[in-house]
1. Go through (1) in contact with a strand residue (DSSP E or B) (Cβ under 8 Å, 6 or more places away or on another chain); (2) of a type in the set (Lys, Arg); (3) part of a helix (DSSP H, G or I) one by one and return the number of the condition residue 14 breaks.
2. In the stretch 1-11, which residues are part of a loop (DSSP other than H, G, I, E, B) and either without any contact (Cβ under 8 Å) to a residue 12 or more places away in the chain or away from the ligand (no atom under 14 Å from the Cβ) (or both)?
3. From (1) part of a loop (DSSP other than H, G, I, E, B); (2) more than 16 Å from the ligand (Cβ to nearest atom), pick out the condition that doesn't hold for residue 31.
4. Somewhere in the stretch 178-197, is a residue surrounded by 14 or more Cβ atoms within 10 Å (Cβ to Cβ), out of contact with any Lys or Arg (no Cβ under 6 Å at 6 or more places or on another chain), among the acidic types (Asp, Glu) and modelled with pLDDT of 90 or more?
5. With within 16 Å of residue 162 (Cα to Cα), modelled with pLDDT of 95 or more, open to solvent by 30 Å² or more (accessible area, probe 1.4 Å) and in contact with a strand residue (DSSP E or B) (Cβ under 9 Å, 6 or more places away or on another chain) as the only criterion, which of 57, 23 stands out?
6. If residue 38 satisfies every condition in (1) open to solvent by 40 Å² or more (accessible area, probe 1.4 Å); (2) touching an Asp or Glu at 6+ places or on another chain (Cβ under 7 Å); (3) over 26 Å from residue 99 (Cα atoms) but one, which is the exception?
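The values are calculated or read from the model by the stated rules, or taken from the named source; none is laboratory data. Just so it is clear, the model here is predicted, and its values are computed rather than measured. FYI the Cβ positions are ideal-geometry reconstructions off the backbone, even for glycines, and counts take in every protein chain you see. Accessible surface is based on the protein model in full, side chains and every heavy atom, while ligands, DNA and RNA are left aside. Shrake-Rupley method; radii C 1.70, N 1.55, O 1.52, S 1.80 Å.
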Amino acid sequence: MSRPICPTCQRPTKVCLCDFIEHIDNRVEVGILQHPSEVGLVKGTAKIAQLSLSYCHTWCGEDLQDLPDLVEWLGDDKPVFLLYPVIEGQHEPVKFYEVTQIRHLHAHEEIKLLILDGTWRKTHKIMMLNSVLRGMDRISLKPCTPSAYRIRKQKSATSLSTIEAVYEALSQLEDDYLRYQPLLKTFESMQQQQAVFTKRPK
Ligand SMILES: [Zn+2]
């Protein structure tokens, strides 16, 4: 028998996130390109952004050729910044912007942010497949808080889960940490909920 699924958050009803979600009117528009292997993962955190933020689009795929809606989203007149670190060993003629530079250049409502959702290996593959993404202006982000992601292996305390990256980017770009605090609160609730189900009897 299949597990009952919540029609709103699309998660199994016993780990439904809906009660934890607080809606936030974000100013910087967010786009999330999700690697297909992330879809439906109970540990995935992009869902929190999708359910909480007023302006958040999600696409699923690896190759932009299969994602005309994303290509269109990237091509309208608002500048889009990609959140992705320097690719080691690659000489990249791309421009990295500090948050303060972006804030100085643009109003919040004028920019969009694209985030890749997946493991390091999967997002790296997406980058390698798409020269359009490799050529995009990037935002370099210094996380203010170390990652609180306990339910998935992190490479280091500064490797952030997708929702933490969304939180850091939006709160830094809009200079409003309080506004985005609910994202972390929901993330914490999700992890606590998860811990209950993964705890094995001794
Ligand atoms: Zn739900």
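1. (1)
2. Residues of the stretch 1-11 part of a loop (DSSP other than H, G, I, E, B): 1-4, 6-11.
Answer for the stretch 1-11, where residues must be part of a loop (DSSP other than H, G, I, E, B) and either without any contact (Cβ under 8 Å) to a residue 12 or more places away in the chain or away from the ligand (no atom under 14 Å from the Cβ) (or both): 1, 2, 3, 4, 7.
3. Residue 31 satisfies all of (1) part of a loop (DSSP other than H, G, I, E, B); (2) more than 16 Å from the ligand (Cβ to nearest atom) except (1).
4. no
5. Values: 23 fails: within 16 Å of residue 162 (Cα to Cα).
From the options 57, 23, the qualifying one is 57.
6. Every condition holds for residue 38 apart from (1).
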